[in-house]
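Student: Structure in structure tokens, see below.
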Amino acid sequence: MSFTRLNSLDPVVIEGWRWAPFLNQTINAFASLQPQSSDLASDFLNKEGTFGSKSKPQKVQTKTWACRTKKLRYVRAACVEAFGTASVLNLLVNPFHNYELPFFGADFVTLPTGHLLALDLQPVLNKDKLHTEAVWERLLPLQARWQSLLPWGGAIPLEAESFFSPGFLWTRLPLGDEADQLILEVVRPAFGEYLSLYLDFVQKAREVSPVRASHLLAGQKSYMRYRAKKDPARGMLTRFFGHEWTENYIHNVLFDL
Ligand code: DBV
């Protein structure tokens with residue numbers, strides 16, 4: 001039975017999708033902020049395709065859940081399921097630039113080669129104490145606790161480093177029961193704590209001056225430009241859905257500023 005989503009707030013139903021509990025937790029967390037639907041074309045709300053050989057085509061689907069709230073310009077979750085090939089939840093929360101708030105970012109990726117799990121409150125302005133100090137003070141203890149239970153994910157591209165905080169939780173795990181248990185017992189509660197911390201900052205955030213807001217806007221744009229240019233999912237999405245849809249999705253839905 002299939003259910004077509006007409007609105008970006010409609011629930012995401014993907015049979016067998018392993019990241020569903022994480023998305024549901026996110027949706028519940030934002031429910032208290034009076035979320036409003038984001039204006040997304042139906043081709044981005046629900047997308048289905050096939051890939052692989054003609055004799056053995058495989059099904060893939062991508063759905064986008066999104067909303068905005070009083071202080072958050074654009075909250076979006078990209079959900080991908082291609083059985084045996086990829087299962088992804090990529091989340092990004094973009095605050096309005098007149099609030100002193102970081103981004104909330106998560107990348108939960110399962111490929112035949114293993115899981116790749118990234119979670120962070122990413123700075124809009126990296127070398128700016130006013131922007132980072134209050135966040136990092138509360139984030140670092142969370143990172144210290146949860147990262148100690150997970151292997152470090154390894155080097156990230158040098159040019160990407162300034163977009164991450166020192167509270168970056170980052171791991172790669174081989175597929176299997178042991179990873180499933182770590183995802184359940186470590187990644188899931190860590191995600192809950194990072195999300196609660198972020199929502200606490202959102203709740204307390206006050207509007208900043210127009211001058212400050214323009215700095216924050218410049219920082220947001222440079223982050224978004226980087227993410228759109230270097231999206232690690234570009235190859236995968238192009239293979240699934242073609243060049244044109246993928247570029248439109250990356251520039252208008254995933255990283256839209
Ligand atoms: N990554 C995205 C979006 C995805 C997505 C929108 C819709 O930003 C998936 C899907 N990430 C995705 C895939 C891979 C990665 C890798 C499919 C694997 C690519 C491959 O192996 O072929 C964090 N994601 C990665 C890597 C990093 C991140 C560091 C490995 C390095 C690389 O291959 O470039 N994603 C990256 C990041 C954040 C994030 C900067 C912030 C939290 O969301």
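The values are calculated or read from the model by the stated rules, or taken from the named source; none is laboratory data. All values reported here derive from a predicted model rather than from experimental measurement. Note: ideal-geometry Cβ built from the backbone for every residue, glycine included; neighbour counts use all protein chains shown. The protein model used for the area step is the full one, side chains on, heavy atoms only, and it has no ligands, DNA or RNA in it. Shrake-Rupley method; radii C 1.70, N 1.55, O 1.52, S 1.80 Å.
Student: Which log10 I(q)/I(0) values, to two decimals, does the stretch 189-257 give at q = 0.12, 0.19, 0.22, 0.26 Å⁻¹ under the Debye formula with one point per Cα?
Tutor: Taking Cα atoms of the stretch 189-257 as identical point scatterers yields -0.52, -0.91, -0.95, -1.01.
Student: Can I ask one more? Can you give me the Kirkwood hydrodynamic radius for the stretch 97-186, using every pair of distinct Cα atoms, in Å to one decimal?
Tutor: 14.1 Å
Student: Any idea of the accessible area per residue across the chain, 1.4 Å probe, to the nearest Å²?
Tutor: With all protein chains present, the chain gives 49 Å² per residue.
Student: Could you give me the ³J(HN,Hα) list for the stretch 20-36, computed from phi with Karplus coefficients 6.51, -1.76, 1.60 and θ = phi - 60°, whole Hz, x at Gly and Pro?
Tutor: Per residue, the Karplus-derived 3J(HN,Hα) values read 3, x, 5, 5, 4, 4, 5, 4, 5, 5, 7, 4, 6, 9, 6, x, 10 Hz.
Student: Further question: Kirkwood hydrodynamic radius (Cα pairs, Å) of the stretch 1-155?
Tutor: About 17.4 Å for the stretch 1-155.
Student: Considering Cα pairs under 8 angstrom that are at least six residues apart, work out the relative contact order of the stretch 20-254 and quote it in whole percent.
Tutor: 17 percent
Student: Jot down the radius of gyration and Dmax of the stretch 1-61, Cα atoms only, both in angstrom.
Tutor: Taking only Cα atoms of the stretch 1-61, I get Rg and Dmax of 14.4, 48 Å.
Student: Taking the Cβ-Cβ separation of Asn126 and Leu175 as r and a Förster radius of 25 Å, what is the calculated FRET efficiency to the nearest 0.05?
Tutor: Once the sixth-power term is evaluated, E becomes 0.15.
Student: Under unit Cβ charges (Lys, Arg +1; Asp, Glu -1), what dipole magnitude, rounded to 20 debye, does the chain have relative to its Cα centre?
Tutor: With Lys and Arg at +1 and Asp and Glu at -1, about 460 debye.
Student: Something else about it: Sequence-distant or interchain residues sharing an amide H contact under 5 Å with Gln122, placed H: which?
Tutor: Sorted by chain and number, the residues that satisfy this are Phe103, Phe104, Gly105.
Student: Further, regarding this structure: How much of the pair distance distribution for the stretch 20-254 lies past 24 Å, counting alpha-carbon pairs only, in percent?
Tutor: 46 percent
Student: Pop the C-beta distance of Lys70 and Ala218 into the FRET formula with R0 = 22 Å and round what comes out to the nearest 0.05.
Tutor: Working from the Cβ atoms, E equals 0.45.
Student: Same structure, new question: Lys/Arg Cβ at +1, Asp/Glu Cβ at -1, dipole of the stretch 150-251 taken about the Cα centre: which of Gly167, Ala179, Gly242 is farthest positive-ward?
Tutor: About the Cα centre, the residue reaching furthest to the positive side is Gly242.
Student: Still on this structure, I have one more. In whole Hz, what ³J(HN,Hα) sequence does the stretch 117-127 give by Karplus (6.51, -1.76, 1.60; θ = phi - 60°), x for Gly and Pro?
Tutor: Values, residue by residue: 10, 10, 8, 6, 9, 8, x, 7, 10, 7, 9 Hz.
Student: Calculate one ³J(HN,Hα) per residue across the stretch 43-51 by plugging θ = phi - 60° into the Karplus curve 6.51 cos²θ - 1.76 cosθ + 1.60, and present them in order as whole Hz with x for glycine and proline.
Tutor: With coefficients 6.51, -1.76 and 1.60, one gets 5, 9, 5, 9, 9, 10, x, 10, 8 Hz.
Student: Please give me, ordered by residue number, the trypsin sites (Lys or Arg not before Pro) of the stretch 2-90 that lie in loop per DSSP and have at most 16 other Cβ atoms within 10 Å.
Tutor: Arg18, Lys54, Lys70
Student: May I pose another question? Give me the number: length gained by fully extending Ala155 to Gln36, i.e. 0.36 nm times residue separation minus the C-alpha to C-alpha distance, one decimal in nm.
Tutor: Computed gain between Ala155 and Gln36 is 39.1 nm.
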